[in-house]
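Some notes on the structure that comes next.
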Amino acid sequence: MSFLLAHLSDAHIGPIPRPNLAELLGKRVTGYVNWLYKRADQHDMDALKSIVADMKAQAPDHVVMTGDIVNIGLPGEIALARDWLDSLGAPQDVSFTPGNHDAYVPDVTGLLREVFAPWTTSEASGDGFPYLRRRGGVALIGLDTGVPTAPFVASGRLGETQRAALGELLDQTRAEGLARVVFLHHPPHVNGARALRGLDDAAEFEAVIARHGAELVLHGHNHKPSLHRLPGPDADAPVVGVASASARLGGHRPSAAYNLYEIVREGEKLHISMRTRGLDEAGEIVELAAARL
């Protein structure tokens, strides 16, 4: 079995459609000002187009997008994001999980579920999160950490219900002999992000992995590449973060990039290798790094 999985995150699609006054009530005011005077210069839609074109040229078997597809959760943004997600491939070949910028305010969460339902369809646990997709010997398990928060707070949370269901899915798919890939937006380990930006129940997530295990955990949120390992019952689970897929060349964060994971099973042995592709100093998409996980 050989399976090629692409992972991109934090597209922050722009420009933001002009909001009306009612849409700017509450947290969106600060987010919109932040976009106008900061984030608009940090994200480059031409870079995002180059990333997507290069990713599609690699012909992955599946694509995972781990959230922050928009900026302040406007309905107009979500409509644009739906079209962009559709451009990545057919919904059965693309999986999505929301981030904190997607679930920016409480009144948008229902719209998120409705609009992005084709990319979060589960085969095992009904509607909602976590969801499971079986593809070519791989179990893709999507979690939702995007919850509305107060201004200047970007934290996430899974909750007891998701964590319990995740444990059940990990056990079920392990019994089926599948390679288990868990994906979510926030870094799911203690001290994975700065104060007010991390996963509130990261310690509880670590405990789930310690009991049930996983072969690979993917996330975004920090806009930079990272590799962490969580102890499992049989082996450590690599936890991989990826740069923003639209980060401007020469910005204060790593430039736009995405990851490719080749998952190969040879008898009882499972091998996972990773390649990072993104913008070099000349603005060309090249291979930036490679590793065996």
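Here are a few things to note about the model shown:
- Gly76 meets each of the listed conditions (1) surrounded by fewer than 23 Cβ atoms within 10 Å (Cβ to Cβ); (2) within 25 Å of Phe205 (Cβ to Cβ); (3) small (Gly, Ala, Ser) apart from (2).
- Each residue in the range 235-263 was checked for being assigned to a strand (DSSP E or B) and not small (Gly, Ala, Ser), and 9 pass.
- The residue that is surrounded by the fewest Cβ atoms within 10 Å (Cβ to Cβ), among those in the range 209-228 that are in contact with a strand residue (DSSP E or B) (Cβ under 9 Å, 6 or more places away or on another chain) and assigned to a helix (DSSP H, G or I), is Ala210.
- Whichever residue in the range 239-264 is surrounded by 18 or more Cβ atoms within 10 Å (Cβ to Cβ) and farther than 19 Å from Gln42 by Cβ and, among such residues, is farthest from the chain's Cα centre (by Cα): Ile263
- Residues considered: Phe152, Phe129, Phe183, Phe205. Of these, the only one that is under 23 Å from Ile72 (Cβ atoms), buried (at least 16 other Cβ atoms within 10 Å of the Cβ), touching a Leu at 6+ places or on another chain (Cβ under 8 Å) and touching a residue at least 12 places away in the same chain (Cβ under 8 Å) is Phe129.
- Residues that are at pLDDT 95 or above and either under 30 Å from Lys38 (Cβ atoms) or not aromatic (Phe, Trp, Tyr) (or both) within the range 255-270 comprise Ser255, Ala256, Ala257, Tyr258, Asn259, Leu260, Glu262, Ile263, Val264, listed in sequence order.
- A residue that is in contact (Cβ under 8 Å) with a residue 24 or more places away in the chain, of a type in the set (Ser, Thr, Tyr) and farther than 18 Å from Asn222 by Cα occurs nowhere in the range 59-71.
- The residues on offer are Gly177, Gly146, and the sole one that is over 19 Å from the mean Cα position of the chain (by Cα) and part of a loop (DSSP other than H, G, I, E, B) is Gly177.
- Whether a residue is modelled with pLDDT of 90 or more, surrounded by fewer than 16 Cβ atoms within 10 Å (Cβ to Cβ), under 30 Å from Leu216 (Cα atoms) and among the hydroxyl-bearing types (Ser, Thr, Tyr) was assessed, and Ser50 does not pass this test.
Here is a yes/no grid of residues against (1) touching a Pro at 6+ places or on another chain (Cβ under 9 Å); (2) among the acidic types (Asp, Glu); (3) under 26 Å from Ala53 (Cβ atoms):
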residue	(1), (2), (3)
Asn191	no, no, no
Ala195	no, no, no
Glu215	yes, yes, no
Gly232	no, no, no
Pro238	no, no, no
His252	no, no, yes
Leu260	yes, no, yes
Ile263	no, no, yes
Thr276	yes, no, yes
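- Candidate set: the range 79-101, residues that are in contact with a strand residue (DSSP E or B) (Cβ under 9 Å, 6 or more places away or on another chain), outside any helix (DSSP H, G or I) and not β-branched (Val, Ile, Thr); chosen: the one surrounded by the most Cβ atoms within 10 Å (Cβ to Cβ): Gly99
- Residue count for the range 264-293, restricted to those that are within 23 Å of Ala237 (Cβ to Cβ), in a strand (DSSP E or B) and either in contact with a Leu (Cβ under 6 Å, 6 or more places away or on another chain) or not hydrophobic (A, V, I, L, M, F, W, C) (or both): 10
- Hits in the range 54-70 - residues which are surrounded by 24 or more Cβ atoms within 10 Å (Cβ to Cβ) and assigned to a loop (DSSP other than H, G, I, E, B): Thr66, Gly67, Asp68, Ile69, Val70
- Residue within the range 68-76 that is modelled with pLDDT of 95 or more and either within 15 Å of Gly283 (Cβ to Cβ) or among the small types (Gly, Ala, Ser) (or both) present: no
- Out of Pro187, Pro151, one residue alone is in a loop (DSSP other than H, G, I, E, B) and at pLDDT 95 or above. It is Pro187.
- Considering residues of the range 265-279 that are loosely packed, with under 13 Cβ neighbours inside 10 Å and farther than 25 Å from Val208 by Cα only, the residue nearest to the chain's Cα centre (by Cα): Glu266
The values are calculated or read from the model by the stated rules, or taken from the named source; none is laboratory data. Keep in mind the model is a prediction, meaning the values are calculated, not measured. FYI the Cβ positions are ideal-geometry reconstructions off the backbone, even for glycines, and counts take in every protein chain you see.
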